[in-house]
Amino acid sequence: MNKGIVYLVGAGPGDPALITLRGAECLQMAEVVVYDYLANEQLLSHAPATAERIYAGKIGGRHNQGQEEINSLLVEKATEGKIVVRLKGGDPFVFGRGGEECEALYDAGISFEVIPGVTAAVGASAYSGIPLTHRDITASVAFVTGHEDKEKGESNIDWDRLSLGGGTVVFYMGVTTLRQNMQRIIEHGRAPETPVALVRWATTPCQQVLVGTLSDIADRAEECAFKPPAITIVGEVVSLRDKLQWLDKRTLCGRKIIVTRAADQAGEFSSKLAARGAMVLECPTISLVDPENWQLLDMAIRDLSGYDWIIFTSVNAIRYFFKRLDALGFDARAFGNCRICTVGSKTASEMHSFAIKPDLIPSNYTAEGVVEEFSRLDMHNSRVLFPRADKARDIIERELKKMGAYIDSPVTYRNIFPERLPPETLFALEKRSVDCITFTSSSTVKNLAAMLGEELLLDMLKGVVVASIGPITSKTCRDLGLKVDIEPDVYTTEALIQSIEAHFN
Ligand code: SAH
C-alpha cells in the first residue's frame, strides 16, 4: 500500500485570507484535516466536502498526552495511504509544536511537507499598526514564550539580554503570566515607561488592542478582564501605532451585524461589511429550492419567443430561469425578440452575465416601479412572462392585467425557511451584544419571525438597530412591531451598507 503524506500547513493568525496559496492548495487535496483551536474554521471550506475533519482540541485531556495522540493520529492516517493536512494556527514552527510532529513522522518513515504561515506576532503587528522593527527605533525583535514549561524547572529565557538593548520583545501565550513577565523585564533593566501593547484575536473581526507601559499594562489588563489568546509587544515601536493604525479606522470596526439573507446570497454582502471592520453573523432565513413542479415554467420556456415581455425582479429568478432553460436544452437564443425588464442593478448585471442587455430597468426598484414603467407603454394584448418566487406579491400580475396584458407567472423557485438560527447568532442575540440586523427582503423578516416566533423576535431585537433595504421590507418590519432605524434612498445592498456606515458614524 502507498504511504500517505502529511502537510503541516500554517493557517495564519485568524483572517482566513492570510493563508498561503500553497496552504490552500494542500487543503484542496486533503483527505483528512486535523485542525487546531487557533486555526480559523472557515479555512476548512477549502477542503473537499468528503475530507474527514478532526478537531485536534478534542483529542486527549492533558497537554502532552494530547500531543502524543495527535502524533499517532497523523502517523496512523498517513500509513493508511491518506493525504493528511495538519492545519495549525499561525506558523507550524513558531510555538506550534510542528517540530515535534515532524519528528514523529520522520521516526515513522512518513513523508511530510511544511508550509509556513503568518505567525501571530507578524499578523498582530500589521493589523495593529505596530512595526516590529524600524530603522530609527530598533533593529531586532525576539519572539519569546510567556509561558514556560513548568516541568522544566529553571528558565531557558535569557532575561538580561532580552531586557537590555532595546529590541522589540513579543510574548506568545503570556496573558495569565503578564504581570510576572513585565516585572521581570523591568527588573532586568528595561525602563518601566516602555510602551507595551496587548493584541487579542489579531487579524480577526474580534481584534482588541490594549496599550500601556511595562509598569501599568498588567493593571490595565486586569481592569478590563483581558483574556487570551493574545500576544504582548514590548518596545518603543508600540508608540508608532498612534500614526499607523488603520484597522480601527474602518467605518464599522467592531460592530456586530446580523445579516439575514438567502443562504446562497449572503457572501458578497457580508464580505463588504466585514471589509469595513464589521463582525458579521450570517443568519440564513431563506433557502431557495426548485418549484414543486416545472410544468408551467416549462410551457412558458418552450414558447419563450412568443412573449412580448419577460420581467425578472431578482437575481435568483434569473438564475433559476436559466438553469431550467439549460436543462430543457435551450440557450439565450430562445428569447427571440422578447423584450426584457430587470428590476435592480444587480439583476441587470446578472442578465449581462448571460450576454443579454435588458430593454427596461425601472428607476424605482419595487413592484410599483415596474407597474409605473409599464403604464407608460401600450400593453394592450401583449403577452408578458413573469417568472417569480412562490411567495411574491401579486401586484405586477394584477396591474398588468388591468392594462390589458396577458400575463403568465410560473413559480420558478421557492423560498423555504430553515428551522433554526445558527448557534453563534442566537448566542449573540441572547447576550445582547448585537449592534445591527439587516433585512434585504420582506421574506427575510417574515421568515425570521417564523423561526423565532414574533414575541421572541421583538424581545431579542430590543436595542438592536434595524436596517431595511427598502419601503416594502420596512413595512413588513413595522407590521410586526419592529422599529426601522435605517432605510437607504436607493434599494440596493451597496446603498444599505452606506446608510449603515452613516448611522454608526
Ligand atoms: N503557531 C502559532 C502560535 C501558537 S502558540 C503562531 O505562529 O502564531 C499560541 C499563542 O499564539 C497564543 O497564546 C497567543 O499568544 C498567540 N496567538 C495565536 N493566534 C493569535 C491571534 N490571532 N491573536 C493574538 N495572539 C495569537
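The values are calculated or read from the model by the stated rules, or taken from the named source; none is laboratory data. Just so it is clear, the structure is predicted and the values come from calculations on it, not from any experiment. Glycine also receives a Cβ, built like all others from the backbone with ideal geometry; neighbour counts cover every protein chain displayed. To get the accessible areas, we keep the full protein, side chains included, count just its heavy atoms, and leave off ligands, DNA and RNA. Shrake-Rupley method; radii C 1.70, N 1.55, O 1.52, S 1.80 Å.
Across region 4-20, rounded Karplus estimates of 3J(HN,Hα) from the backbone phi angles (6.51 cos²θ - 1.76 cosθ + 1.60, θ = phi - 60°) give x, 9, 10, 9, 8, 10, x, 7, x, x, x, 4, x, 7, 8, 6, 7 Hz, Gly and Pro being marked x.
Using a 1.4 angstrom probe on the protein heavy atoms only, could you order Glu373, Glu76 from most to least accessible area?
So the residues, ranked largest to smallest area, are Glu76, Glu373.
Taken as Cα centroids, region 292-362 and region 367-432 sit 15 Å apart, rounded to the nearest whole angstrom. Beta-bridge orientation, the chain: approximately 25 percent antiparallel, per DSSP, counting only bridges with both partners inside.
Computed over protein heavy atoms with a 1.4 Å probe, the accessible surface of region 290-415 works out to 50 Å² per residue.
If you take all other residues with their beta carbon under 12 Å from the beta carbon of Lys88, and give Lys and Arg +1 and Asp and Glu -1, the sum is -2. Given a Förster radius of 25 Å and the C-beta distance between Met299 and Ile395 as r, what FRET efficiency does 1/(1 + (r/R0)^6) yield to the nearest 0.05? According to the calculation, E is roughly 0.60.
Taking the empirical scaling 2.2 N^0.38 Å for compact globular proteins as reference, the chain has a Cα radius of gyration ratio of 1.22.
Return the carbon/sulfur percentage of the accessible area of region 148-247, one whole number, probe 1.4 Å, all protein chains in place. Display every interim value, and only then the final one.
Values: 2570 of 5130 Å².
With neighbouring chains kept in place, the figure for region 148-247 is 50 percent.
In this Cβ point-charge picture (+1 for Lys and Arg, -1 for Asp and Glu), region 5-118 has a dipole of about 200 debye about its Cα centre. Think of the chain as having a plus end and a minus end, set by charges on the Cβ of Lys, Arg, Asp and Glu; of Leu304, His188, Val464, Leu304 sits farthest toward the positive end of this dipole.
Scan the chain and hand back the longest stretch that contains none of the chymotrypsin sites (Phe, Trp or Tyr not before Pro) lying in DSSP loops with at most 12 other Cβ atoms within 10 Å. The reported range is 247-505.
From Cα pairs below 8 angstrom and at least 6 apart in sequence, can you work out the relative contact order of region 248-343, rounded to a whole percent? Don't skip to the answer; put the middle values down first.
On the way: 109 pairs, mean separation 24.4, N = 96.
Value for region 248-343: 25 percent.
Loop-located GluC sites (Glu not before Pro) in region 257-335 (DSSP state not H, G, I, E or B) with no more than 16 neighbouring Cβ atoms inside 10 Å: Glu292.
With the charge dipole of the chain set up from +1 on Lys and Arg Cβ and -1 on Asp and Glu Cβ about the Cα centre, the Cα lying farthest toward the positive end among the listed residues Val122, Ser433, Val238 is that of Ser433. Residues within the reach of a label modelled at Asp136 (point 7 angstrom out along Cα to beta-carbon, backbone nitrogen below 17 Å), restricted to region 156-171: there are none. Note that region 133-229 presents 56 Å² accessible area per residue, ligands and nucleic acids not counted, probe 1.4 Å.
What 222 nm value per residue comes from the helices of the chain, counting each DSSP H run with n ≥ 4 as -39,500 (n - 2.57) and dividing by all residues, nearest 500 deg cm²/dmol? The partial results should precede the final answer.
Working: 19 runs with 174 residues, N = 505.
Computed ellipticity for the chain at 222 nm equals -10000 deg cm²/dmol.
Each residue of region 375-389 was assigned a 3J(HN,Hα) from its phi angle through the Karplus expression (A = 6.51, B = -1.76, C = 1.60, θ = phi - 60°), giving 5, 7, 9, 8, 9, 4, 6, 7, 9, 10, 10, 10, x, 10, 7 Hz with x at Gly and Pro. Charged side chains reduced to their Cβ positions (Lys and Arg at +1, Asp and Glu at -1) give region 140-255 a dipole of some 580 debye around its Cα centre.
Would you mind telling me the share, in percent, of accessible area of region 5-118 contributed by carbon and sulfur at probe 1.4 angstrom?
Details: 2870 of 5310 Å².
That share works out to 54 percent.
Using a probe of 1.4 angstrom and keeping all protein chains present, the accessible surface of region 5-118 works out to 47 square angstrom per residue.
Would you give the gap between the C-alpha center of region 130-145 and the C-alpha center of region 450-505, rounded to a whole Å? Going from one Cα centre to the other spans 46 Å. Between Leu44, Thr285, Ala104, the Cα set farthest toward the positive side of the dipole of the chain (charges on each charged residue's Cβ, about the Cα centre) is that of Thr285. Based on the Cβ-Cβ distance of Glu41 and Asp459, what FRET efficiency does E = 1/(1 + (r/R0)^6) give at R0 = 25 Å, to the nearest 0.05? E between Glu41 and Asp459, to the nearest 0.05, is 0.25.
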